[in-house]
Amino acid sequence: AELRAFVDHVTFDSTHAFGELLSADYVFANDAVAGFYGLPAPGSGTPRKMAAGKDRGGILGLGAVLASHAHSNESSPIKRGKWVRDRLLCQDLPPPPANANTTPPGLDPTLTTRERFAKHTNDPACKGCHQFIDGVGFAFERYDGIGAHRTEEGGKTIDASGEIKGRESLSNGVSETFDGPKGLAALLGKGEGAPRCFATHWFRFARGLREDGPEVCAARTLGKKFLEKGQDIRELMIAVVTQRSFLVR
């Protein structure tokens with residue numbers, strides 16, 4: 001309900017801008033969600049707009065999103081990092097080698113999640129993919145498996161510094177560092193990759209198909225128009241159903 005209220009507010013009541021989905025400094029919380037976030041109870045069973053505090057705000061800090069991309073008993077840098085690449089940047093990562101061991105490292109009370117999963121990045125057999133995943137996923141380590149905020153794990157202070165390689169294209173080799181989800185959101189908001197990906201998802205949703213053949217051009221044109229219109233989500237909703245390929249068959 002929080003996620004739905006948040007997206008509706010940005011799209012129809014606030015700036016209508018894609019960037020606000022990433023950088024909003026507020027949440028929508030009822031009494032239960034506010035308690036989970038450590039915020040004062042608003043006295044309502046219906047989500048209400050509230051100041052987020054320093055560790056929430058924007059879609060990357062939503063409890064529902066964080067919990068959906070983790071395990072019930074631990075965070076998952078791989079799931080969260082892959083979600084950013086796949087759903088926020090529309091980047092297709094290469095499949096793991098046929099003989100790769102894809103079993104995640106077991107729980108170890110003496111190590112933080114970051115320390116356990118760092119083995120993936122350091123292993124030459126895994127580095128091809130995990131150099132693009134782990135550095136992004138580590139930025140969410142201040143949130144546990146159910147999306148609750150934490151400052152330490154196993155008695156050690158959480159390190160939520162992150163690194164994203166090839167933000168705009170996996171092949172460009174550019175590496176950028178940041179801290180936590182808000183730092184990642186700032187990077188995603190200043191490039192074209194994330195808003196173009198957002199427009200692509202709208203195209204797929206409205207058309208009920210993935211772009212292929214001549215539809216590739218239609219999807220790319222939609223992303224271009226979205227950028228030209230200041231990343232206005234309402235303009236995108238209109239543009240996707242006024243394309244010639246939508247109206248004419």
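Some notes on this structure:
- At q = 0.13 Å⁻¹ the log10 of I(q)/I(0) for the chain amounts to -0.88, computed by Debye summation with a single uniform scatterer per C-alpha, solvent ignored.
- The simple Förster model, with R0 at 22 Å and r as the Cβ-Cβ distance, assigns Arg220 and Lys165 a FRET efficiency of 0.40.
- Chain lengthening between His201 and Ile238 when straightened (0.36 nm per residue, less Cα-Cα): 11.9 nm
- Within the chain: Cβ-based charge dipole about Cα centre, in debye rounded to nearest 20 (Lys, Arg +1; Asp, Glu -1): 660
- Projected label distance in nm at Asn172 and Ala51, using a 7 Å step from Cα toward the beta-carbon: 3.6
- Based on Cα contacts under 8 Å between residues 6+ apart, the stretch 82-178 shows a relative contact order of 23 percent.
- Scoring 64-77, 39-52, 6-19, 203-216 by mean Cβ neighbours within 10 Å over their residues and listing the highest first yields 64-77, 6-19, 39-52, 203-216.
- Selection from Cys90, His9, Phe226 lying farthest towards where the dipole of the chain points positive, charges on Cβ: Phe226
- Nearest-20 debye value, the stretch 139-202 charge dipole, Cβ charges on Lys, Arg, Asp, Glu: 200
- Applying a 4.7 Å Cβ-Cβ cutoff to the chain leaves Cys126, Cys129, Cys217 as cysteine residues with no disulfide-compatible partner.
- Relative contact order (percent, whole number), the chain, Cα cutoff 8 Å, 6+ residue spacing: 18
- Computed over Cα pairs, the Kirkwood radius of the stretch 1-70 leads via Stokes-Einstein (1.306 mPa s, 10 °C) to a diffusion coefficient of 132 µm² per second.
- Averaged over residues, the count of other Cβ atoms within 10 Å places the peptides 168-178, 82-92 in the sequence 82-92, 168-178, highest first.
- Over the stretch 36-131, accessible surface divided per residue gives 53 Å², non-protein components excluded, 1.4 Å probe.
- The portion of the accessible surface of the stretch 86-191 made up by carbon and sulfur, rounded to a whole percent, is 52 (1.4 Å probe; DNA, RNA and ligands excluded).
- Whole-percent P(r), the stretch 1-125, all Cα pairs, 5 Å bins from 0: 2, 9, 16, 17, 17, 13, 10, 8, 5, 2, 0.
- Among Phe138, Gly61, Gly191 the positive-end extreme of the charge dipole of the chain (Cβ point charges): Gly191
- Where only DSSP H runs of four or more residues are counted, the chain gives -12500 deg cm²/dmol as its mean residue ellipticity at 222 nm, each run worth -39500 (n - 2.57).
- Rounded, prolate or oblate (a/c below 1.5 giving rounded, otherwise prolate when a/b exceeds b/c) for the stretch 56-106 by Cα gyration tensor: oblate
- Accessible surface ranking that places the most exposed of Ile164, Ile158 first, with a 1.4 angstrom probe: Ile158, Ile164
- The value of relative contact order for the stretch 1-126, using C-alpha pairs under 8 Å at least six residues apart, is 17 percent.
The values are calculated or read from the model by the stated rules, or taken from the named source; none is laboratory data. Just so it is clear, the model here is predicted, and its values are computed rather than measured. For neighbour counting, all protein chains shown are included, and Cβ atoms are generated from backbone atoms with ideal geometry for every residue, glycine included. All accessible areas refer to the heavy atoms of the entire protein, side chains included, with ligands and DNA or RNA removed. Shrake-Rupley method; radii C 1.70, N 1.55, O 1.52, S 1.80 Å.
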